[in-house]
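Q: For reference, the structure I am asking about is given below.
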Amino acid sequence: MSKDDYFVHESAYVDEPCSIGKGTRIWHFSHVSKGAKIGANCNIGQNVFIGGDVIIGSNVKIQNNVSIYSGIVIEDDVFLGPSCVLTNVTNPRSQIVRHSLYEKTVFHRGATVGANATIVCGIELGRYCFVAAGAVVTKDVNDYAMIVGVPGRQAGWMSRHGIPLGDPDKNGIMVCPESGYRYKEVEAGVVRCLDLHEEEPLPADKAMGTRRYDEYKKQ
Ligand SMILES: CC(C)(COP(=O)(O)OP(=O)(O)OC[C@H]1O[C@@H](n2cnc3c(N)ncnc32)[C@H](O)[C@@H]1OP(=O)(O)O)[C@@H](O)C(=O)NCCC(=O)NCCS
């Protein structure tokens, strides 16, 4: 990808060789290490560090002050809130070198991590899961699960549009008030959207928010 195809602010450092997709923007004081792979149309905010060998998909939004260390994989459409903390060694000790022992953490498609949350390494965060601001996540997270608190516990299900899914009807259906999409827990701990497969892109007419979160809560 030519450097004309993506934007790097003059205060940022990008160590070559690395791969950056078309339309991606890298803002003030950020640092991309050698070997990192970043997809298209990502927004990488201010003071973000991206380690070597990190893989980041497309349309990923990384807010200010986030460090993404080696061993972390971020799929398409993930949102990392400001100052959230990701880790790559469970038992760090300054005297012990564990550079070849980084633990893998995977953020699956569409996952959101709230501001100031901490993700302990070696886990997988499911598609469209939602980690509340300040939560500490220590275990794998199911698709669409909302995780709140310290330690992080599942507090319900969150739609692809980021709206809590209320109680299911008699057929087990939960409807997202923003999109109208229907969701169902098809087996214990497994929620699926019945109207749009998790790997399908969101249609453009469903991708523009028109009402604030609190307006949906009042319904
Ligand atoms: C998780 C979240 C979506 C919940 O919002 P909400 O539906 O308005 O939640 P409510 O205010 O109705 O709270 C419901 C309960 O959960 C608690 N709660 C809400 N958010 C919480 C959080 N982040 N951590 C711990 N508890 C939380 C509330 O105190 C309340 O508890 P109570 O029932 O005992 O009174 C929201 O709090 C959040 O963390 N959003 C992420 C924001 C963010 O980081 N954005 C980054 C981009 S700027």
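The values are calculated or read from the model by the stated rules, or taken from the named source; none is laboratory data. Keep in mind that what you see is a predicted model, and the values were worked out from it rather than measured. Reconstructed Cβ throughout: ideal geometry from the backbone, glycine too, with neighbour counts over all protein chains shown.
To keep it simple, each residue is scored yes or no on (1) hydrophobic (A, V, I, L, M, F, W, C); (2) at pLDDT 95 or above; (3) on the phi < 0 side of the Ramachandran plot.
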{"residue": "161", "(1), (2), (3)": "no, yes, yes"}
{"residue": "165", "(1), (2), (3)": "yes, yes, yes"}
{"residue": "169", "(1), (2), (3)": "no, yes, yes"}
{"residue": "183", "(1), (2), (3)": "no, yes, yes"}
{"residue": "200", "(1), (2), (3)": "no, yes, yes"}
{"residue": "206", "(1), (2), (3)": "no, yes, yes"}
{"residue": "217", "(1), (2), (3)": "no, no, yes"}
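Q: If I ask for residues that are part of a loop (DSSP other than H, G, I, E, B), away from the ligand (no atom under 16 Å from the Cβ) and exposed (fewer than 10 other Cβ atoms within 10 Å of the Cβ), which ones from the range 201-219 would you list?
A: From the range 201-219, those part of a loop (DSSP other than H, G, I, E, B) are 201-203, 207-212, 218-219; that's our starting set.
Subsequent filtering for residues that are away from the ligand (no atom under 16 Å from the Cβ) retains 201-203, 207-208, 210.
Answer for the range 201-219, where residues must be part of a loop (DSSP other than H, G, I, E, B), away from the ligand (no atom under 16 Å from the Cβ) and exposed (fewer than 10 other Cβ atoms within 10 Å of the Cβ): 203, 208, 210.
Q: How many of the residues in the range 1-18 are buried (at least 16 other Cβ atoms within 10 Å of the Cβ) and either in a strand (DSSP E or B) or β-branched (Val, Ile, Thr) (or both)? Quick ask: steps written out before the conclusion?
A: Here is the first cut: in the range 1-18, the ones buried (at least 16 other Cβ atoms within 10 Å of the Cβ) are 6, 8, 12, 14, 18.
Okay, now just the ones that are also either in a strand (DSSP E or B) or β-branched (Val, Ile, Thr) (or both), so 8, 14.
Of the residues in that region, 2 qualify.
Q: Which residues, counting only those in the range 54-65, are crowded, with 23+ Cβ neighbours inside 10 Å and in a loop (DSSP other than H, G, I, E, B)?
A: Quick first cut of the range 54-65, residues crowded, with 23+ Cβ neighbours inside 10 Å only: 54, 56, 60, 62.
Listed by number, the residues that qualify are 54, 60.
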